[in-house]
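Novice: This is the structure, below, for whatever I ask next.
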2 protein chains.
Amino acid sequence: MDKVSVIEKLSLFQDHWNPRIVGALNGQHVKLVKFKGEFVWHKHDKEDEMFYVIKGQFRMEFRDKTVELNENEFIIVPKGVEHRPVAEKEVAAMLFEPVSTLNTGDTKGRLTQEDLEWI
Amino acid sequence: MDKVSVIEKLSLFQDHWNPRIVGALNGQHVKLVKFKGEFVWHKHDKEDEMFYVIKGQFRMEFRDKTVELNENEFIIVPKGVEHRPVAEKEVAAMLFEPVSTLNTGDTKGRLTQEDLEWI
């Protein structure tokens, strides 16, 4: 029951596309991630996924549209929907998703992170 | 799959202790709430609850300690733990919790909100 400072936690890592776990509740994880550039197209068959922008901006690409997200904005990507986050400059985001969620969903590859670090 | 601006949503209501729903995923709700003053002591028997400070500050009182929260900080209150949020000045917070969560938990009364508005 200690508090978590998102800004302090973000200062603890610098690498991209490697989410850290900062909280757990009701079978969900709260994660922080930094990224820049294009991720891989993927979907999560069983998990809805929430992206909340802490610092910077990015766009969430879907097959039929693109959504631009700025600070203090979030988007919920429903299960089964293909998506790809893209950031021109580095962005820091908070994720909220089930414990079972794999970052690259059904597209395992170079960017897949199997064992996330708790910070 | 539209984005949600937390700042814009917060501008849509002014009353205290009356959370609004702004998102749903994996059986959880994302809510926004403004409050000032002391809430009632309560606990949630089945739900963990997360409070993330968007604007302002408040303290979360537990029976054996108090945690001061500022902007961009969060706390997760585990199920079964008595707590009481208190704010000297108005604070705006984002909540993550199961759809089943009642704001006053096991302490129904004047501040209980049974039917939350989606905004």
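The values are calculated or read from the model by the stated rules, or taken from the named source; none is laboratory data. It should be emphasised that the depicted structure is a prediction, and the values quoted were computed from it without experimental measurement. Heads up, the Cβs are rebuilt from the backbone with ideal geometry, glycines too, and the neighbour counts pull from every protein chain shown.
Novice: Of these, A:Lys46, A:Lys79, A:Lys108, which one is modelled with pLDDT under 95, assigned to a loop (DSSP other than H, G, I, E, B) and out of contact with any Phe, Trp or Tyr (no Cβ under 7 Å at 6 or more places or on another chain)?
Specialist: Exactly one residue qualifies, and that residue is A:Lys108.
Novice: Kindly indicate the residue of the stretch B:1-40 that is among the basic types (Lys, Arg) and away from chain A (no Cβ under 14 Å) and also nearest to A:Val81 (Cα to Cα) among those meeting that condition.
Specialist: Among those that are among the basic types (Lys, Arg) and away from chain A (no Cβ under 14 Å), it is B:Arg20.
Novice: Just name the residue that is farthest from the other protein chains (Cβ to nearest Cβ) out of those in the stretch B:41-58 that are closer than 25 Å to B:Leu12 by Cα and crowded, with 17+ Cβ neighbours inside 10 Å.
Specialist: B:Gly56
Novice: Moving on. Determine which single condition A:Thr112 fails, assuming it passes every other condition in (1) farther than 25 Å from B:Glu73 by Cα; (2) touching a residue at least 24 places away in the same chain (Cβ under 8 Å); (3) among the hydroxyl-bearing types (Ser, Thr, Tyr).
Specialist: All conditions are met except number (2).
Novice: Looking only at the stretch A:1-38, which residues are part of a strand (DSSP E or B), more than 19 Å from A:Leu102 (Cβ to Cβ) and polar (S, T, N, Q)?
Specialist: Residue satisfying the conditions is A:Ser5 alone.
Novice: What number of residues in the stretch B:72-91 are more than 9 Å from every other protein chain (Cβ to nearest Cβ) and of a type outside the set (Lys, Arg)?
Specialist: Residues flagged as more than 9 Å from every other protein chain (Cβ to nearest Cβ) and of a type outside the set (Lys, Arg) within the stretch B:72-91 amount to 8.
Novice: If you don't mind, another one. Any residue at all in the stretch B:39-50 that's under 30 Å from A:Glu68 (Cα atoms) and free of Cβ contacts under 8 Å to residues at least 60 places away in the same chain?
Specialist: Yes: the stretch B:39-50 contains one or more residues that are under 30 Å from A:Glu68 (Cα atoms) and free of Cβ contacts under 8 Å to residues at least 60 places away in the same chain.
Novice: Which of the residues that make up the stretch A:49-75 are part of a strand (DSSP E or B) and closer than 17 Å to B:Tyr52 by Cα?
Specialist: Once the filter is applied, which keeps residues that are part of a strand (DSSP E or B) and closer than 17 Å to B:Tyr52 by Cα, the stretch A:49-75 yields A:Met50, A:Phe51, A:Tyr52, A:Val53, A:Ile54, A:Lys55, A:Glu73, A:Phe74, A:Ile75.
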